[in-house]
Amino acid sequence: MHPSTNLGRRRLLGTAAAAATAAFFGTSGRVFAAMEDVDKAIADFGGGAEAADGTITLTTPEIAENGNSVPVAFSVESPMTEESHVESVMILAADNPSAGVATFHFTPRSGEAKASTRMRLARTQDVVAVAKMSDGSLHRASANVKVTIGGCGG
Amino acid sequence: MNRFPLSVSAVAGALVALTSLAVLAEPADDTLLIDGEIEMTTRTESVEGHPLPEVISGWHYRTEDTRVLEQDTFDNPGMLGVEAGEEIWNTVDGTMGKSCASCHDDASESMAGVGASYPKWDAANGKPTNIEQRINHCRVENMGAEPYAFDKGGQKPLTAYVKHQSLGQPLALDLSEGDMQTWRDKGEELYYRRTGQLDLSCATCHEKYNGKNIRADHLSQGNVNGFPTYRLKQSDLVSLHNRFRGCIRDTRAEMPAAFSDELMALEVYTTWRSQGLSIETPAVRQ
Amino acid sequence: MAAKPRVKVPKSVAAGDVITIKSLISHKMESGQRKDGDGNPIPRDIINHFAAAFDGEEFFSVDIDPAVSANPYLEFSVRVDEAGTFTFTWTDDAGEVITHEQDIALKS
């Protein structure tokens, strides 16, 4: 890991929406998703099962260089056999205008239940990953990503 | 150019100074090796007369997640633009039934080194010219095609494609041709001129405070070896003159037109400052 | 959809290996949240689904929301037991599908 340049940024951060991504996601006054929406999405996804922490690892940067393109990766411990595998993984952004980011569907042929993509985050928020296994169990992980306002606002 | 009361400039100066007190962040200690084979010069001794002892690519000022994107030409989203440029290169356009390839053949040969040697002196027009303008000149004169409007049509992808053929090669400016020296000097004057409500010059951020943060942005030296650049913010290629205009707009000054004499002088001067750095087009930045 | 896909698949693998596939496709991914200069909302226009199949059998897919960045990037795994052909498809809101095929061989 390389030394990060986070110290100054941390002091400058508020929870205000990053100007650029706020423009992308709409003007102020729009209602943002919140933890209730996340809970509801997980309930719909998992059929009401309780999501246990662990088994799934979520990787996101601590500070997003730009909210328009934030790398997100996950990996779920699973033998990925016919008898025991990951069926789906759902990624949610708790404070975006709409919580859904993407839902990944796996089969035993996937070999490993891991994937990555790049997402848009409208502001500093928690990102949640939920894995649904073939036996119906749910596992979750979450991480907080700070989204910053850069430069002269340009 | 608006001159606001001293208090406003003092506030602007204080803002930058305050943020600078919070952190003295070094450019990242890292090496840019593209696809495991192309060695890139991202730090080098500056040319004679340069105010800074070392020129450092903007790549070093970005977070690891951003730097990693440029290490692999597959992962680099700017390459989508380069590929689009390649398609344009091979597509017939205009009344004369020609494509770029009709005269220039394989760009990896005909354009090798070209991107690293612009802007060049254009004797016919008595001013410097850049790749974007060269492309338009060729389209009009040799293809019977319409010139691209600024940042429109194929201008960005084609410019990125041409410059990408010089990937890794050091930027070099020939000041001996025509009046290039005069334009470089004019650009230098503009570089140090404070403008706008925020009363900032290019030098304020990129020379005096590079390495510090302005809000959450890690200020680079403002070198131009990576343009057109893939900016995460726009999720698209961004041209050099667009960046000039954006920076000037952000100081709340009136923006010169793209390819105006002012911005051409600035392009000559900033290229002069960036000499020695490898062409990174398409660079990945925030 | 004027989008162009790029996919990175190793040319050959040992049977039973789990490999990583990377995909990138150019697309604005217009979220539907933005407004134009006159204040009118710009309609949503995204790639909403990606699927990967091997010799016609789908093994991986993604339901994509507007929060996925422009020029959507996807990286995922697959276990290769035999030589064959991958088929990758991207579907947009209008129902248009872009398809890309890539062969893979076994190391001998």
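Taking the Cβ-Cβ separation of B:R252 and B:E39 as r and a Förster radius of 41 Å, what is the calculated FRET efficiency to the nearest 0.05?
So the FRET efficiency works out to roughly 0.50.
How do C:F86, B:F74, A:F104 line up, fewest other C-beta atoms within 10 Å first?
Lowest to highest Cβ neighbour count: B:F74, C:F86, A:F104.
Work out the charge dipole of the protein assembly as shown with +1 on the Cβ of Lys and Arg and -1 on the Cβ of Asp and Glu about the Cα centre, then indicate which of B:G126, B:S57, C:H27 is farthest towards its positive end.
B:G126
Given C-alpha coordinates of the protein assembly as shown, what is the ratio Rg to Rh with the Kirkwood estimate of Rh?
The Rg/Rh ratio comes out at 0.98.
Mind sorting A:M35, B:M264 by how few other Cβ atoms lie within 10 Å of their own Cβ, fewest first?
The order, fewest Cβ neighbours first, is A:M35, B:M264.
Can you tell me the 0 to 90 degree angle between the C-alpha axis of helix B:240-250 and the longest principal axis of chain B, rounded to 10?
Orientation of helix B:240-250: about 30 degrees from the principal axis.
If you fit an axis through the alpha-carbon atoms of helix B:180-191 and take the longest principal axis of the Cα set of chain B, what angle between them do you get, 0 to 90°, nearest 10?
40
One-quarter of the Cα convex hull surface for chain B, in nm²? List each step's numbers first, then the result.
On the way: hull surface 59.2 nm².
Computing the convex hull of the Cα atoms and averaging its projections yields 14.8 nm².
Any idea what angle helix B:155-164 forms with the longest principal axis of chain B, computed on alpha-carbon atoms, 0 to 90 degrees, nearest 10?
In chain B, helix B:155-164 runs at an angle near 90 degrees to the longest axis.
Take A:D53 and C:Q102, extend 7 Å from each Cα along the Cα→Cβ direction, and tell me the distance between the two endpoints in nm.
3.8
Which whole-number percent gives the relative contact order of chain C, counting Cα pairs below 8 Å spaced six or more residues apart? Write down the numbers at each step before the final one.
Working: 242 pairs, mean separation 35.8, N = 108.
That works out to 33 percent.
Sorted from largest down, what three extents in whole angstroms do the Cα atoms of region A:43-107 have along their principal axes?
Sorted from largest, the Cα extents of region A:43-107 read 41, 23, 20 Å.
Note down the magnitude of the dipole of chain B about its Cα centre, charges +1 on Lys and Arg C-beta and -1 on Asp and Glu C-beta and zero elsewhere, to the nearest 20 debye.
That gives a dipole near 1300 debye.
In what sequence do B:H206, C:H49 fall when counting other Cβ within 10 Å, fewest first?
Listing B:H206, C:H49 from fewest to most nearby Cβ atoms yields C:H49, B:H206.
Answer rounded, prolate or oblate for region C:1-104, using the Cα gyration tensor with square roots of eigenvalues a ≥ b ≥ c: rounded when a/c is under 1.5, else prolate when a/b is larger than b/c, else oblate.
Here region C:1-104 falls in the prolate category.
Computed from the coordinates by the stated procedures, all read-outs in this text should not be read as laboratory data. All values derive from a computational prediction rather than experimental measurement. Backbone-built Cβ (ideal geometry, glycine too); neighbour counts: all protein chains shown.
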